[in-house]
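For reference, the structure is listed below as structure tokens.
The values are calculated or read from the model by the stated rules, or taken from the named source; none is laboratory data. Keep in mind that this is a model prediction, so the values were computed, not measured. Cβ atoms come from the backbone with ideal geometry, glycine included; neighbour counts cover every protein chain shown.
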Amino acid sequence: MVLCLRMAVRTQTLVQLNAELVELLDRRATREGVSRSALIRNLLEEALRTDRATAISAQIVEGYRRIPQETADDEWGDLDAWAHANTRRNLAALDREEREPW
């Protein structure tokens, strides 16, 4: 078995923060048991992932605006009809379950 380790190259960056932000960062870093640098790195990575996910979602929505889905029919059949039938089946099963004595 070959184990490949990829070393992350880091670049030191100077960021100026006000005293309130430093205090909040330090409290959270202490709570999470990480260094201030690690916390800042984690928060930035999370924010950038969120930005990427938001951009992808916007592209999907734009695609549906450009080419709207007319019906729920596709190669699998009528998905609306399937969803309604499945909902009716589930509601009937729940109703039977509630009516049965313990």
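General observations
- Residues in the stretch 11-28 that are over 23 Å from the mean Cα position of the chain (by Cα) and surrounded by 10 or more Cβ atoms within 10 Å (Cβ to Cβ): LEU17, LEU21, VAL22, GLU23, LEU24, LEU25, ASP26, ARG27.
- 3 or more residues at pLDDT below 95: qualifying helices (runs of 4 or more DSSP H) within the chain: 36-66, 79-99
- Residue list for the stretch 37-52, restricted to those being within 11 Å of the chain's Cα centre (by Cα) and among the β-branched types (Val, Ile, Thr): THR50
- One residue from ASN86, ASN90, ASN42 being under 29 Å from LEU24 (Cα atoms), surrounded by 10 or more Cβ atoms within 10 Å (Cβ to Cβ) and free of Cβ contacts under 8 Å to residues at least 60 places away in the same chain: ASN42
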